[in-house]
Amino acid sequence: MKNILINFAIKKQNTETIFDNDNLKNYVKLLNNIKDIKNTPLIDFSGSNGEKVSVNIAEISRDLLSKILKLYTPTKISSCNISTENKEKSIKLLNKAYKKIDKDILDWWKNERIIFPSSIISRRIDNLNLNKDVNINKENYIDKKFFIDKKLKEIIFILISKEFNLHLDKKAAQSTMIQHLQDIPEVVKAIDELGISEDPHLKYETYCLMAEYIYNFLSVNKNEVDFSKIKEAVKEIAERKLATPKDGLTQPSPYFTNTLAFL
């Protein structure tokens, strides 16, 4: 019996291929997108008291993909054994299983390309509703609660989708990238060194920032998404819609010159 490990290199036994690397071509492609990053993948993050930590975001990206692979690989496949008595059939079934795993990973990434930016927008809206970051003209906004309702949220998603050419889903659940970042050792270490491990808000914001870099790394052949501009645009749409009176808005909009007119 020979144990087949998930290291995705073509293995051979007595010169016979027993694992076809092409069965994980989509997973390998995502790995290569990280490998092809030309700039030094060290990113600085700041804590609430001015602490700064540099992390290797490419290495974190690889760790994240490894966790996604494990998520979609059944235990019976990852610990599969090849029988020398019926090797050909066993290899055929194993490779078929890996093709299914690879398809699941591709589907995950297709969904994540929608879910992640949608979750960032929803997070921004939640922060604004909680007054985490809002700059409403106080003189024109006395006794008014800052709250982005369902209708305004829908408007925000429509405008962001058009301006940034993104496929979005306002009902999207939490991003799995963010979920799986939280127990990667280098990420845990960075959170501790930043001194924010006891601050749920700042900790989650840091996860989001890391995931933004990873999202663009994995989308290397697509247009890079500027999440900072998206978050500023969300804030501006909310301010322009909710601040009263409208003539109190004196600054011209850098976003949505035409589409904001109906607000």
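A short reminder: the numbers here are calculations on the coordinates, not readings from a lab. What you are looking at is a predicted structure, and each value in this text was computed from that prediction instead of being measured. Reconstructed Cβ throughout: ideal geometry from the backbone, glycine too, with neighbour counts over all protein chains shown.
Relative to a virtual label point 7 Å from the Cα of Ser48 in the Cα→beta-carbon direction, which members of the stretch 167-205 show backbone nitrogen distances below 19 Å? The answer is 188-205, whose backbone nitrogens lie closer than 19 Å to the label point.
When the C-alpha to C-alpha distance is required to be over 29 Å, the pairs from Lys35/Lys153; Lys25/Lys229; Lys67/Lys96 that qualify are Lys35/Lys153; Lys25/Lys229.
Output the pairs from Lys162/Lys241; Lys100/Lys189; Lys99/Lys162; Lys70/Lys110 with a Cα-Cα distance over 25 Å in this structure; if there are none, say none. Beyond 25 Å: Lys100/Lys189; Lys99/Lys162. Between Glu154 and Lys99, what FRET efficiency comes out of the Förster formula 1/(1 + (r/R0)^6) with R0 = 45 Å and r the beta carbon distance, rounded to 0.05? That gives a FRET efficiency of 0.70. Between Lys92 and Asn129, the distance separating the two model label sites (each 7 Å from Cα on the Cα→Cβ line) works out to 5.5 nm.
Applying a 10 Å radius around every beta-carbon, put 178-184, 193-199 in order of their mean neighbour count, most first.
178-184, 193-199
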